[in-house]
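The values are calculated or read from the model by the stated rules, or taken from the named source; none is laboratory data. The structure presented is a predicted model; accordingly, all values stated were derived computationally and were not measured. Note: ideal-geometry Cβ built from the backbone for every residue, glycine included; neighbour counts use all protein chains shown. Surface areas here come from the heavy atoms of the whole protein model, side chains and all, with no ligands, DNA or RNA. Shrake-Rupley method; radii C 1.70, N 1.55, O 1.52, S 1.80 Å.
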Amino acid sequence: MKPLHYVALILVVSLGVFNGITGAYPYIKQHQREGNIVKTFDTWWHNAGAREFRSVGLEPTKELKAEEFQRYREKYLQQNPSYIVEERVAGMKKEYREWWENNGGREAYIQDHGHYPNESDYRASLEEWINSFTDRYLRYSLAFAPKYEQYERVLTSWILIPGVCSFLSFAGLFMFAIVRLARRWSLWIICLTTAAVTLTGPILVSVLTTTSFFDHYSTERYMGMSLTVAFLLGATAFGNRKNQVTPLTRNICFSGVILDMAINWFLNPGIFGAVAALSPVCFGIGAFAGVRIETRLRSQAEINADLLRERLLEKASQNPMAERKAKTRTLIEDGFTSAKNCRPEQAHQQLRLALTQLLQEHPVDAALVKQTVIRMTAPDQYLDFSSNQWMEWGEIAKAKNAPDAAILLLKKCLSKEKDPNFARRSLFTLGETCVTNKIEVQEGIGYLQKVIEMNENDILAKQARKTLEALK
């Protein structure tokens, strides 16, 4: 993880928490209100309601209670508007139409504006009234609606995510693009381009909603970073050097932008159809940036590693054995580079050959063998070697006096071995290596005892007992 990765992760988590709280809070409050309605009615029914019905000669049955509860609930909700903004807006539209038609709304408009209102005037007046209410809530006051030209909200509309599916798509694709681009672009280029596209996105949507196809969505709220993600995926999918981007990475980028477009077109509100239409444009701009922007300057550590490799090759040219060692070490690094760049088959071949050659050296560089094995058995490496291969390497490492590496290799063998006989042989070799080299001695004793438990009478069991007796 690089510093940029942590920044991106914190941004994603923060946006998730903010949108989760602001989106769920009204529904939580509404659910609590429904619970209070039931509780209040039950209390009234138990203390007075049932008795009142009996006093007028009616038996308080379950059906009667349900009918009375429904009337009580409707009356309560009329007096206490919903916490859910969308439901409240739907009710306000009905209230406003009633006021406009029957309670002096038109007359008030004529008095304020000096002319008789048409339907367009009614809609404008209704929108003004509703916006004065919705602007009290963050999910409305931070969002950008193209028709109202509140361009200061371009700075905040990216904070909001339209839905759960959009957030999951954004989180996965954004982190993927940032991690991949951080290997090619410098920090300031990534930050500047991301900020520029994020702020330009709402303006592009505003321009598109002036067209006849999308104009009826111009009053809806734009939010999120779909266009930014499309740009980053385009930049990730194309590099300025041949074979700089792996086919797997490019396929993920294309699939990701198609997935995000589908979510915007089918799951999100109407204005996000314009966002889906603009996603290929931003993807193309990102692809152009990926091809044109030079890769970042190498760090001092990378430069030093290359210089060290060059020195090894210079020495190797004067000594055949040194040349073979240098090639082995270069092959190790090439193998891990292939694994990092999602070329598993190539990494598999390179690392298998490299570790085999490393264990054939005389004397064996035990420290390098251990370091290489640690990297190969790390949780983030998915190298699909057979259990027999791990065991073979482990036995060679034990014989070549590299016990630390041998223990790691034999443990990896045990984690993959399914045949109990081969597993028992690995247990014995592992336990003997631990005990005789005084490394993880208690674990080694446990391995040898397990060998004896599995079969007490064969040669392996006798050798295990002999090793334990020698330890005592």
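Points to keep in mind about this one:
- Size descriptor, Kirkwood hydrodynamic radius, that averages inverse alpha-carbon separations across region 75-151, Å: 14.1
- Cα-based reach from Lys147 at 28 Å (exclusive), listing lysines while leaving out same-chain residues under 8 positions away: Lys93, Lys94
- Accessible-area composition of the chain, carbon plus sulfur, in percent [1.4 Å probe]: 58
- Note on the chain: helix-only mean residue ellipticity at 222 nm, from DSSP H runs of 4+ residues weighted -39500 (n - 2.57) and normalised by residue number, equals -24000 deg cm²/dmol.
- Dipole-positive endmost among Tyr217, Phe174, Thr198 within region 170-243 (Cβ charges, Cα centre): Phe174
- Relative contact order computed over the chain (Cα-Cα under 8 Å; 6+ residues apart), in percent: 9
- Semi-axes of the equivalent ellipsoid of region 334-409 are 21, 12, 11 Å, computed as sqrt(5λ) over the eigenvalues of the C-alpha gyration tensor in descending order.
- Stokes-Einstein D in µm²/s, Kirkwood radius over Cα pairs - the chain at 20 °C with 1.002 mPa s viscosity: 73
- Across region 73-108, no residue has a backbone nitrogen under 11 Å from the label position 7 Å along the beta-carbon direction of Tyr116.
- Considering only Cα atoms, the convex hull volume of region 306-449 works out to 108 Å³ per residue.
- Within region 392-411, backbone nitrogen closer than 20 Å to the virtual label 7 Å beyond the Cα of Ala470 toward Cβ: 394-408, 410
- Placed amide H near Tyr222: partners under 5 Å, 5+ positions off or other chain: Phe144, Ala145
- Take the Cα of Thr377, go 7 Å toward its beta carbon, and none of the backbone nitrogen atoms of region 352-366 fall under 13 Å from that spot.
- Nearby lysines by direct alpha-carbon distance to Lys472 (threshold 21 angstrom, same-chain neighbours under 8 apart not counted): Lys438, Lys450, Lys462
- Whole-Å semi-axes of the ellipsoid equivalent to region 181-221 (Cα gyration tensor, √5λ, descending): 32, 8, 7
- Burial ranking of peptide ranges 236-244, 276-284 (average Cβ count within 10 Å, highest at the top): 276-284, 236-244
- Order by protection proxy (mean Cβ within 10 Å, highest first), peptides 388-396, 252-260, 23-31, 151-159: 388-396, 252-260, 151-159, 23-31
- Packing, taken as the mean count of other beta carbons within 10 Å per residue, orders the peptides 369-380, 348-359, 86-97, 54-65 from highest to lowest as 348-359, 369-380, 86-97, 54-65.
- Across all directions, the shadow cast by the convex hull of region 235-305 built on its C-alpha atoms averages 6.1 square nanometres.
- Cα pair distances of region 357-397 binned at 10 Å [whole percent]: 25, 58, 17, 0
- Structure note, pairs Lys325/Lys416; Lys370/Lys411; Lys325/Lys411; Lys2/Lys325: Cα-Cα distances above 25 angstrom occur for Lys325/Lys416; Lys325/Lys411; Lys2/Lys325.
- Spatially proximal lysines relative to Lys242 (Cα-Cα < 18 Å; intrachain offsets below 8 disregarded): Lys340
- Spin-label model, Ile21 to Tyr96: label points 7 Å out along the Cα-to-beta-carbon direction sit 3.0 nm apart.
- Per residue, the solvent-accessible area of the chain (1.4 Å probe, heavy atoms of protein chains only, all protein chains present) comes to 57 Å².
- Cα-only Debye scattering, region 376-431: base-10 log of I(q)/I(0) at q = 0.17, 0.20 Å⁻¹: -0.46, -0.64
- Calculated P(r) tail over 20 Å for region 388-472, as whole % of Cα pairs: 26
- Förster radius 45 Å - calculated FRET efficiency between Ser55 and Leu77 (Cβ-Cβ, nearest 0.05): 0.95
- Across the alpha-carbon atoms of region 155-225, the computed radius of gyration and Dmax are 14.4, 43 angstrom.
- Alpha carbon Rg of region 425-465, scaled by the compact-globule rule 2.2 N^0.38 Å: 1.01
- On the principal axes of its alpha-carbon atoms, region 1-97 has extents of 78, 37, 17 Å, going from largest to smallest.
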